[in-house]
1. Out of ALA191, ALA214, ALA186, I need the residue that is loosely packed, with under 14 Cβ neighbours inside 10 Å, in contact (Cβ under 8 Å) with a residue 12 or more places away in the chain and among the hydrophobic types (A, V, I, L, M, F, W, C). Which one?
2. Considering segment 25-40 alone, what residues qualify as being out of contact with any Asp or Glu (no Cβ under 7 Å at 6 or more places or on another chain) and under 14 Å from THR7 (Cα atoms)?
3. What number of residues within segment 224-236 are over 20 Å from TRP247 (Cβ atoms) and at pLDDT below 65?
4. Filter segment 107-119 for residues that are at pLDDT 90 or above and not in a loop (DSSP other than H, G, I, E, B); which is surrounded by the fewest Cβ atoms within 10 Å (Cβ to Cβ)?
5. Residue under question is MET12, and the condition is that it be assigned to a loop (DSSP other than H, G, I, E, B) and either touching a Leu at 6+ places or on another chain (Cβ under 7 Å) or surrounded by 13 or more Cβ atoms within 10 Å (Cβ to Cβ) (or both); does it hold?
6. Against the definition (in a loop (DSSP other than H, G, I, E, B) and under 30 Å from PHE136 (Cα atoms)), how does LEU64 come out, yes or no?
7. Name the pairs whose Cβ atoms lie under 7 Å apart, with the first residue in segment 37-52 and assigned by TED's automatic domain parsing to the domain that holds GLN89, the second part of a helix (DSSP H, G or I) and charged (D, E, K, R), and 6 or more positions between them or separate chains?
Amino acid sequence: MCVGVTTAVDLMARGMSRSTITRRTASGHLIRVLPGIYATEKPDYLDLCTAVTLWKPNAVLSHLTAAWIWGLLAVEPARVAATVTPSTQRSAPDWVKIHRRRLPASDMCQGLAVVTLAQAFVDVAATLTGEELEQFFDTAIARPELRRRIASSCEKSRGMAGMKAVRRQLRLCCLGTRSEAERVVARAMSARNFFMEINARVGPYFGDFVDYRARVIVEIDGREFHISGQAFDNDRRRQNRLVLAGWLVLRYSAVQAMGDTRRVVDEIIEVVRHRRRSIDASGRALPRT
């Protein structure tokens, strides 16, 4: 239990009467967080999570709250989400979101009962939509083993709410991008079933997007590439060496990638496919570096 968050029962067990609890609450020495739940100081988000589990002892923290506790979200959600059994009273203050269903499997994380890591992805897929859901998957599934774990969970629970969205995001998610502009371009290509290696090695260098068969590298340049003269010179030196080694380098600014994504992706796909056909027709087997 987080220090500073406790129940009225525990306070009375320590010798505090109900009238004393009421008096200290009125004076500000205690903060009433939920019915029968008090804090000795202003609660942070983790304290609020603890308060909910004390208020509803059978509750399991879930959805965006579980994602945050598991470290999948950098920003605290607006509300504390918890899952309770269907027979549990649903009424709750605005900062608490109660979901009633059969309790899912849970683990302990940071001392709290939380839905499993795999279930957290399913819950988020049932909560978020569109760009928010894409961003979540692209940043949360950072490790291949985690992706396999989520995929395995999908196979076991095909009919679960949110599972269809999870399977789609696993198919389309783009791991390894280093900026939002790169992520947007990667997603747009993925949506068209066109894939390039992301942040891939080419000899001593790395390319934002790489197609080894066509020997095409796509670079999405952010503002930092234009800050110093040395960085600019190093980047041009790198590009010249790649071109001399037989690579075609396509460059787009982050502004182009974000503001004119469709045109950028159209051009990338057209160039890569044309290069693939040309190389295949020539019969040349070009090295990867």
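The values are calculated or read from the model by the stated rules, or taken from the named source; none is laboratory data. This one's a predicted model, so the numbers in the text were calculated from it and none came from an experiment. With ideal geometry, Cβ positions are generated from the backbone for all residues, glycine too; neighbour counts draw on all protein chains shown.
1. Sole residue among the options that is loosely packed, with under 14 Cβ neighbours inside 10 Å, in contact (Cβ under 8 Å) with a residue 12 or more places away in the chain and among the hydrophobic types (A, V, I, L, M, F, W, C): ALA191.
2. THR25, LEU30, ILE31, ARG32, VAL33, LEU34, PRO35, GLY36, ILE37, TYR38, THR40
3. Quick first cut of segment 224-236, residues over 20 Å from TRP247 (Cβ atoms) only: 224, 226-231.
Subset that is at pLDDT below 65: 224, 226-229.
Residues flagged as over 20 Å from TRP247 (Cβ atoms) and at pLDDT below 65 within segment 224-236 amount to 5.
4. Selected residue: MET108.
5. no
6. No: the conditions fail for LEU64.
7. ALA39/ASP47
For (1) surrounded by fewer than 18 Cβ atoms within 10 Å (Cβ to Cβ); (2) within 24 Å of ILE150 (Cβ to Cβ); (3) under 23 Å from the mean Cα position of the chain (by Cα), each residue gets a yes or a no:
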residue	(1), (2), (3)
ALA39	no, no, no
TYR45	yes, no, yes
ASN58	yes, no, no
THR65	no, yes, yes
GLY71	yes, yes, yes
ALA81	no, yes, yes
GLN89	yes, no, no
VAL96	no, no, yes
PRO104	no, yes, yes
